[in-house]
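Undergrad: My questions will all concern the structure given below.
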There are 2 protein chains.
Amino acid sequence: MDIAEFVRLSLGCWRSQRSAHHLAFRHFEEVTSTINIEPLETTDSSVVELCKAHDIDPQLANSPFAMRWEGESDWDEDETIEGSTILVPIPDPEKRGKGRLLRGQGYAETIPAVGEYHFNEDGSFVLITPYERAAAEEKIWFATPNLRFRVSLIKTSSGQGVTTASFSSEIRSVNTEN
Amino acid sequence: MDIAEFVRLSLGCWRSQRSAHHLAFRHFEEVTSTINIEPLETTDSSVVELCKAHDIDPQLANSPFAMRWEGESDWDEDETIEGSTILVPIPDPEKRGKGRLLRGQGYAETIPAVGEYHFNEDGSFVLITPYERAAAEEKIWFATPNLRFRVSLIKTSSGQGVTTASFSSEIRSVNTEN
């Protein structure tokens, strides 16, 4: 598995069920959402700008994509959760299956983020993103071509503790690519 | 990581939050429970009997343990979920980190089960258990010594489809061993 293959497999529209465990309170949160993942050209102005903002040569970008989501949480049923961002992988030219992932806008925070990714031997994608006061660790893997899972941990910035653990089941509803 | 170390790290009492995603119905189920894991002697009569029931030399058993659980599901709040079982690892003498796991009584079925386990490079424990009309795939890993996660998939017996995916966050509340 490499990043180009992983992004190719991820393109399309996914129906997501997400459960978040807020560990200190033993609280459950349930989120249902629709996630759209669409490819971007490496020459797209948003891709070039995000690379430049991080002092990275846009020629190093591989398989950038746009993601948008819309859903509902049982914490606040009246409010729709929605957002969009662009993600730009920058593979490490010297280490196959490793690299950085630039994100125009984070899930939890509205500031740009840079994560480090790698692939495990079983093909799962692992992304670690440091934030100012926390770190996010995400693991995504495919059970079938149309079903993927995601485990996300929000850690304290020291990396010692986990405050929130969440699990998503994502089922493809429309495949825009294959 | 090997099975003896994994069992040693797992001993104790855990408070578990589990979310099950029933994929066809996009249904969420929430279960809170307490799980106790206690070591057994390899000479314990229940261990010896379970090995014999599977035509396995009890001398091959390594780090057998007893597990009991008690909890509640939001599907049926009036009923307590409880049970207990014994688990007996039989490491493969020729393949480090692989083996079979004998179970006196399954989670989902009340018949004995034999699963195949292995450890991934990141230390996570993977167990695949075939049943008559389904297969269970479980992955367990430690985030810290006192926090472990578990992803369980119930697959169709062909292994093609996933009917239920669940995620558990388990926090140690009493450590009986260290």
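The values are calculated or read from the model by the stated rules, or taken from the named source; none is laboratory data. Computed from a predicted structure; not experimentally measured. Note that each Cβ is placed from the backbone with ideal geometry, even for glycine, and that neighbours are counted across all protein chains shown. Ligands, DNA and RNA are stripped out before the accessible areas are found, and what is left, the full protein with its side chains, is counted by its heavy atoms. Shrake-Rupley method; radii C 1.70, N 1.55, O 1.52, S 1.80 Å.
Undergrad: Pop the C-beta distance of A:Arg133 and A:His54 into the FRET formula with R0 = 25 Å and round what comes out to the nearest 0.05.
TA: Here the calculated transfer efficiency is 0.75.
Undergrad: What whole-number distance in Å separates the alpha-carbon centres of segment B:36-50 and segment A:11-68?
TA: That distance is 48 Å.
Undergrad: Send over the semi-axes of chain A's equivalent ellipsoid, whole angstrom and largest first, taken as the square roots of 5 times the C-alpha gyration tensor eigenvalues.
TA: Semi-axes from the Cα gyration tensor: 25, 19, 17 Å.
Undergrad: Among B:Ser166, B:Ile90, B:Ala134, which residue has its Cα furthest toward the positive end of the charge dipole of segment B:25-178, with +1 on Lys/Arg Cβ and -1 on Asp/Glu Cβ?
TA: It is B:Ile90, whose Cα lies furthest towards the positive end.
Undergrad: Still on this structure, I have one more. If you place +1 on the Cβ of every Lys and Arg, -1 on the Cβ of every Asp and Glu, and leave all else neutral, what size is the dipole of the protein assembly as shown about its Cα centre, to the nearest 20 Debye?
TA: Value, rounded to 20: 860 debye.
Undergrad: Using only alpha carbon pairs under 8 Å that are at least six residues apart, calculate the relative contact order of chain A and give it in whole percent.
TA: Once divided by the residue count of chain A, the mean separation gives 21 percent.
Undergrad: Counting each DSSP H run of 4 or more residues in chain A as -39500 (n - 2.57), what helix-only mean residue ellipticity at 222 nm follows after dividing by all residues, to the nearest 500 deg cm²/dmol?
TA: -2500 deg cm²/dmol
Undergrad: In whole Å and largest first, what semi-axes does the C-alpha gyration tensor of segment B:53-144 yield when each eigenvalue is scaled by 5 and square-rooted?
TA: One finds semi-axes of 25, 17, 13 Å for segment B:53-144.
Undergrad: Quick one: ranking B:Ser45, A:Ser46, B:Ser169 by accessible area, 1.4 Å probe, largest first, what do you get?
TA: B:Ser45, A:Ser46, B:Ser169
Undergrad: Expressed as a rounded percentage, what relative contact order does segment B:1-49 have, with Cα pairs under 8 Å and six or more residues apart?
TA: Relative contact order of segment B:1-49: 33 percent.
Undergrad: Express the Stokes-Einstein translational diffusion coefficient of segment A:1-84 in µm² s⁻¹, to the nearest whole number, given a Kirkwood radius over alpha-carbon pairs, 10 °C and a viscosity of 1.306 mPa s.
TA: In µm²/s, the coefficient is 105.
Undergrad: Over the Cα atoms of the protein assembly as shown, what Rg and Dmax result, in angstrom?
TA: When restricted to the Cα atoms of the protein assembly as shown, Rg and Dmax are 21.7, 70 Å.
Undergrad: With each label point set 7 Å from Cα along the Cα-Cβ vector, what nm distance links A:Arg68 and B:Ser173?
TA: Placing both labels 7 Å beyond Cα along the Cβ direction yields 4.6 nm.
Undergrad: Can you pick out the pairs among B:Lys52/B:Lys98; A:Lys95/B:Lys155; A:Lys98/B:Lys155; B:Lys98/B:Lys155 whose Cα atoms lie more than 29 Å from each other?
TA: A:Lys95/B:Lys155; A:Lys98/B:Lys155
Undergrad: Where does each of A:Val47, A:Val114 land when they are ordered by accessible area, with a 1.4 Å probe and the largest first?
TA: Greatest to least solvent exposure: A:Val114, A:Val47.
Undergrad: With the label 7 angstrom out along Cα to Cβ, how close does A:Gln59 come to the same site in each of the other copies, in nm, nearest first?
TA: Label-point separations across copies, in nm and ascending: 6.7.
Undergrad: Would you tell me the mean number of C-beta atoms belonging to other protein chains that fall within 10 Å of each C-beta in A:20-31, as a whole number?
TA: What the average comes to for A:20-31 is 4.
Undergrad: Which value, in debye to the nearest 20, describes the size of the charge dipole of chain B about its Cα centre when Lys and Arg Cβ atoms bear +1, Asp and Glu Cβ atoms bear -1, and nothing else is charged?
TA: 540
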